[in-house]
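A.B. asks: What follows is a single structure, and I will ask about it in a moment.
Bear in mind that the values in this text are calculations on the coordinates, not laboratory data. These numbers were taken from a predicted model, which means no experiment stands behind them. Virtual Cβ from ideal backbone geometry, glycine too; neighbours counted across all protein chains shown.
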Amino acid sequence: MRLTAYTDYSLRTLMYLALKPDGLATIAGIAAAYGISANHLMKVVHQLGLAGDIETVRGRQGGMRLARRPEDINIGQLVRRMEPDLNMAPCFAGPALCPITPACVLQRALREALEAFLAVLDRYTLADLVAPDRSLAGLLGMEDPGPVPSRQSPRHRASPAKA
């Protein structure tokens, strides 16, 4: 299983914005911090805005910020939304693609593995991704925003209800 660059950039953008709760960030600033394409990041930011994860402020002093609290952004849901195709094998698209689909244990095993992968991601929020190590802000060239209140470990959190 490999996530697309689109999903990776989405996660990185949200992490950056979560580390900058009191200010606005720019696409250029995020792209420079991660060493990624600003053009590709524009598409990602647009989609995150449409989904309600971020909000943008226009104008000379504009930029973007999180539209929701980091605790309210579930990583599993984000990955499902951003990944265009979570089919791990061509046969996931339909039984007509493989003559052994009705008796195939491999397809069942792969489907179970995908469900386990997503179940683990469902236990994490954006807050969990940025809370454990505050040095992330320094690594991204940002000022350390200070301590984050302790949160319950994701391993002990119940999976959120599916919407």
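A.B. asks: Starting with the fewest neighbours, write out V57, V44, V130, V120 ranked by other beta-carbon atoms found within 10 Å of each beta-carbon. Mind showing how you got there, number by number?
C.D. replies: Working: V57 10, V44 25, V130 21, V120 13.
Fewest to most other Cβ atoms nearby, the residues stand as V57, V120, V130, V44.
A.B. asks: Tell me which trypsin sites (Lys or Arg not before Pro) from segment 11-114 have a DSSP coil assignment and no more than 16 other beta carbons within 10 Å of their own. Present the calculation step by step, with values, prior to reporting the outcome.
C.D. replies: Details: sites: R12, K43, R58, R60, R65, R68, R80, R81, R108, R111; in loops: R58, R60, R68.
Sites meeting the loop and neighbour criteria: R58, R60, R68.
A.B. asks: Now for a different question. Using a 7 Å offset from the Cα along the Cα-to-Cβ direction at both R65 and M42, what is the distance between the two label points in nm, to one decimal?
C.D. replies: Each label point lies 7 Å from its Cα, and together they span 2.5 nm.
A.B. asks: Also: Could you work out how far apart the two model spin labels at R58 and R108 are, taking each label as a point 7 Å from the Cα in the direction of the beta carbon, and quote it in nm?
C.D. replies: Distance between the two pseudo-spin positions: 5.6 nm.
A.B. asks: Per the Cauchy relation, a quarter of the hull surface: what is the mean projected area of the convex hull of the alpha carbons in segment 19-73, in nm²?
C.D. replies: On the way: hull surface 15.8 nm².
Computed as one quarter of the Cα hull surface, the answer is 3.9 nm².
A.B. asks: Taking amide hydrogens as modeled 1.01 Å from N in the peptide plane, which residues meet the under 5 Å criterion relative to I54, leaving out close sequence neighbours?
C.D. replies: G49, A67
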